[in-house]
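The next block holds one structure in the form of structure tokens; read it before the comments.
Readers should treat all values here as calculations from the given coordinates under stated rules, not as data from a laboratory. Keep in mind that this is a model prediction, so the values were computed, not measured. No Cβ is skipped: glycine too gets one built from the backbone with ideal geometry, and neighbour counts run over all protein chains shown.
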Amino acid sequence: MMISYKKKKYPKILIAVFIALLFFLILNFFSQGIKNVFYSISSPFQKIFWQIGQKSSNFFTPFLMIGKLKTESAELNIKNQQLLSELFLLEELKLENQTLREALDTDLQKDFKFITAEVISKDASKDSILINKGSEDGISKDMPVINQQKVLFGNISDVYKNFSRITLISDKIFVFDVKTQNETLGIIKGNGNLNLRLDLIIRDADLKEGDVLITSSLAGSFPKNLLVGKALKIIKEDTKTFQTAIVEPFFDIKNTDILFVITNFKN
Amino acid sequence: MFYKPLILIVFFYFISLIQNSFLVHFSIFGVIPNLVLILVCLFIFFEKTQTYYGLVSAVIGGFFLDIFSGSFIGISTLSLIIIYFLIKEILCHLKDIPSKYLFLYFIIVLIFTMLFYELFFGLSSIFLNHSFPIYFGVCAFLVRIIYNLIIGLVFFYIFKRILIVKK
């Protein structure tokens, strides 16, 4: 097979292209309505594709992870022995933790009103997802979005009549304050591609790998005590005043169907 | 004659749905392959001299990319139209491409398409949304290129086979 390319003449085509382009630019004035119509038509298909994708990725993941799982299994065996000895100590802490957790639960339910929404798609080129509730359901811009476990996902960035777009906290536009269990304050920055980075942690602060990060109420961007992520790798340099860390976010797009939009939080 | 663009509209519509709802679950390091971009690139690459299906697919594909993203309508469309003319300009300088090296040319065209699209999309995001797009990290960008290339090569051989069968 041989493909030959000859130079074409484009005058008519160019005019058509510019008319089309002008048409698309005009469409932007009605983009909310147009997108809402497209999402309404597409949402039944998108739900099906979302569920098929979720099921097939759950099916393939163990095969793809087999090598990693073997190494992890060996490491876990060693860790298991260490953990058994620590179990006794933790039993005492468990009771205390449970009490605190219950207090946290009642607080959130008392303080916030939620709208339940289903995830139907994710933008391929940005860290944003689409949910099937919109302005008609009482959703408006900047409302925080969490899941059942109070894991923070992001906030509402675009609202259509029946749909809304959530910008995930991993998007580059996000910067907000967090704290660790031992009240060390820092800033979370969206790093793109579902990654987070912890910054502005004072050099002397006791930050360890595995530390859980939750939202603080200092800047008031999000409700306090929402789960954000876990510190994976601490970066501490002698020349820098602050330490940083790579953070593993708690939100998991692949295994999420239902989200909760907090409707009565004012930042 | 008019049924072909209609088929392309339905085809790219479902490809966009698959990209945004199905392929999300197969992301690698948070990277989702841009199936629409790959297919538009293939349509341009295999476009015959007297047809404009490459251009039509660039407009349709770009439109659906715009619709299913949070960005302004027209950004992806404009970038794909520019890509169409640039690729055509490059390809006509290459004259006849022997079948043996066809996939090598396609790899170059696809990498060029991705670089241009992401640069265009990135710059427009900075100007219109005042935000940096997600793919400015080198690592993530490389993953994006490799992942798209793998998917692109699979579809390249499917396209090639279809064209050979047609002949």
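Just going by the charge dipole of segment A:175-249, with Lys and Arg at +1 and Asp and Glu at -1 on Cβ, which of A:GLY210, A:LEU198, A:PHE222 is farthest out on the positive end?
Sorting the options by dipole projection puts first A:PHE222.
Amide H neighbours of A:ILE201 under 5 Å, counting only residues 5+ apart in sequence or on other chains, H built in-plane at 1.01 Å?
HN-HN under 5 Å from A:ILE201: A:ILE187, A:GLN243.
Mind giving me the nanometre distance, one decimal, between the label points for A:SER135 and B:LEU128, set 7 Å out from Cα along Cα→Cβ?
Modelled inter-label distance: 1.9 nm.
Based on alpha-carbon centroids, what's the gap between segment A:28-57 and segment B:6-82 in Å, whole number please?
Here the two parts' Cα centres lie 15 Å apart.
Over all pairs of distinct alpha carbons, what does the Kirkwood formula give as the hydrodynamic radius of segment B:3-166, in Å?
Roughly 16.3 Å, rounded to one decimal.
At R0 = 35 Å, how high is the FRET efficiency between A:LEU76 and B:VAL154 if r is their beta carbon distance? Nearest 0.05 is fine.
E between A:LEU76 and B:VAL154, to the nearest 0.05, is 0.45.
Relative contact order for chain B: what percent, with Cα pairs under 8 Å and sequence separation of 6 or more?
24
Taking 0.36 nm per intervening residue step and subtracting the Cα-Cα distance, what contour gain separates A:PHE29 from A:ILE234 on full extension?
Value of the extension gain: 69.2 nm.
Test of understanding: ordering B:TYR13, B:TYR3 by Cβ neighbours within 10 Å, fewest first, what list do you get?
On the way: B:TYR13 20, B:TYR3 7.
Taking fewest neighbouring Cβ atoms as first place, the list is B:TYR3, B:TYR13.
List residues of segment B:15-29, by number, whose backbone nitrogen lies under 18 Å from a label position 7 Å along Cα→C-beta of B:CYS139.
Answer for segment B:15-29: B:27-29.
Return the calculated 222 nm mean residue ellipticity for chain B, to the nearest 500 deg cm²/dmol, obtained by summing -39500 (n - 2.57) across DSSP H runs with n ≥ 4 and dividing by the residue count.
-24500 deg cm²/dmol, from helical runs alone.
For the residues B:VAL138, B:VAL143, what sequence is obtained by ranking on other C-beta atoms within 10 Å, fewest first?
Final ranking by Cβ density, sparse to dense: B:VAL138, B:VAL143.
Taking only pairs that are 8 or more places apart or on different chains, how many Lys pairs in chain B have Cα atoms under 14 angstrom apart?
So the count of such lysine pairs works out to 6.
Bins of 10 Å, beginning at zero and ending with the bin holding the largest distance: percent of Cα pairs per bin for segment A:175-249, please.
22, 58, 19, 1
I want to check the label-to-label distance for A:ASP204 and B:TYR101. Put each point 7 Å from Cα in the C-beta direction and report it in nm to one decimal.
Those two pseudo-labels are separated by 6.6 nm.
Taking neighbour counts of Cβ atoms within 10 Å as a proxy for exposure, in what order, fewest first, do A:GLU248, A:GLU136 appear?
Lowest count first: A:GLU136, A:GLU248.
Enter the mean number of other protein chain beta carbons within 10 Å of the beta carbon of each residue in B:60-70, as an integer.
5
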